[in-house]
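Each remark here refers to the structure printed beneath this line.
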Ligand code: D5M
Ligand code: FE
Ligand code: ZN
């Protein structure tokens, strides 16, 4: 097994909605065939289990030993054809390719020996613009003389919030709510596809003559590989379902392993002789148009995008945070007027098994009090916007409403805007979609390595942009709260997409949209050590809102 096996196991389990005891992960990774073992464990888990324990693993392995598993169910993923070839010309004009634009901000490699670059060379130190951007504030604290009197003019600012569902939750978790939310998803994301093809409802397609050209817009209901290596994709719309067959030798077959259940897409193809199935000729995603032109601010002003502060954890990096806060008071940071925090303000309690062993502050309210003290350190004239994450004290299911009154009162330093996860904040014309990022674990677990991996979290974000949804797959790791409307859809194309959660720094452009996953302010936890997760801690990506250029400041 490769070294990252435990990490893979964890992400595979989290993608299915389970946390795991560390020992359970170790046991699984040392099984003869970890993949098969994992499937056995999941199959034999009690229905109400949230955490995979060593007991579960032992029991499953015993059962497996007495009744061998016929096939490796995860292998359908692994054996998927990879798509290195460009998409069909047809599809390309429709914007289904996901290659980043040439203006992808470059990251330098190994500029800092104390922070070795990732294996692929994507060290999170940005060098664009000919400026020495890596501030070695790490070597000394900002002295009083470095501090300047910031002269910002709040009159020039403009901040608008959209998509904040705080206080608008209507869902009761009933069956009807699920129907409503998926109907809304199909309606609105389907609307982005219907104009492009001559689509028919599922119920009508089966009644058309064999050999006819057909098209359909639907939710992906099921993805299966056939005995001969082709792919069967069941699409569902309001009238029913219809099976679509992607032949393995077609140039777009590689797109199949990028599909997630419950995403919306369109297919065009030809009906089989008996009209029982359609052979796919083209696939279309809601996607971001290649021609998307982002808005920019009219003046030179910057935003700091951070996440995953984890105050209350023993690993919270107070020194790095102090340097960051001090730096914000210096001349170099005088144009930073906005601070966006994409969730996991505090470490929380009871989020993961054994988490309490690494808590510095055990009371959740005291954690928020301490976080508020951290907020007080940054300049009072900053506009602050924050959303909750999975460690925060709000419901875990997404969308997550912004914090309740009691917590808002605690986190009141500098009067931050507290909104739901996700929400869109528009800063002087530049729209920033903020989403904590729990679905990234799922995208990374499900998609091929080159399309989504922990060292390049922005690539996983590209997939969400392509699907125009922050958490497409329902019923897995990402817990979804059904509402009358699907708040997780990207109705409008954002200029910037900001996430966190995976504790890795990465950014790049997808069809001109700047995707930034901010790192964290928490050093490696014991759990992360056990699964070889090496977090990018103590970095602050700074975006020029007038150019959308990114510079990374390092404080660790
Ligand atoms: O999660 C930070 C990252 O680490 C994210 O990719 C999930 C993963 N993680 C961390 N701890 C665990 C446990 N105990 N089980 C599964 N996955 C884990 P964050 O939620 O921001 O701490
Ligand atoms: Fe986090
Ligand atoms: Zn998180």
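Where a number appears in this text, it was derived from the coordinates with a stated rule and is not lab data. Quick caveat: nothing in here was measured; it's all calculated off a predicted structure. Backbone-built Cβ (ideal geometry, glycine too); neighbour counts: all protein chains shown.
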* State the dimensionless ratio Rg/Rh of the stretch 173-311 (Rg: radius of gyration of Cα atoms; Rh: Kirkwood radius). => 1.11
* For the stretch 357-477, the fraction of alpha-carbon pairs in successive 10 Å shells from zero, as % -> 12, 34, 32, 20, 1
* To do: Apply 1/(1 + (r/R0)^6) to the Cβ-Cβ distance of residue 59 and residue 33, taking R0 = 22 Å, and write down the FRET efficiency to the nearest 0.05.
  => 0.80
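What FRET efficiency comes out for the pair residue 412/residue 547, r = Cβ-Cβ distance, R0 = 35 Å, nearest 0.05?
Values: r = 33 Å, r/R0 = 0.95.
Efficiency, from the Cβ-Cβ distance: 0.60.
Sort 248, 467, 459 so the one with the fewest other Cβ atoms within 10 Å of its own Cβ comes first.
On the way: 248 17, 467 27, 459 24.
Going from least to most buried by this count: 248, 459, 467.
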* To do: Can you tell me the alpha carbon radius of gyration of the stretch 204-245 divided by the globular rule-of-thumb value 2.2 N^0.38 Å?
  => 1.22
* Structure fact -> Rounded to a whole number, the Stokes-Einstein D of the stretch 513-556 in µm²/s (Kirkwood radius over Cα pairs; 37 °C; 0.692 mPa s) is 275 µm²/s
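Among 396-403, 326-333, what's the highest-first ranking by average C-beta atoms within 10 angstrom per residue?
396-403, 326-333
Report the percentage of all Cα-Cα pairs in the stretch 239-364 whose separation exceeds 21 Å, rounded to a whole percent.
Values: 5319 of 7875 pairs.
Counting pairs separated by more than 21 Å, the tail of P(r) holds 68 percent.
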* Structure fact -> The alpha-carbon center of the stretch 327-387 and that of the stretch 199-267 are separated, in whole Å, by 45 Å
* Asked: Listing 415, 281 from the residue with the fewest other Cβ atoms within 10 Å to the one with the most, what is the order?
  -> 415, 281
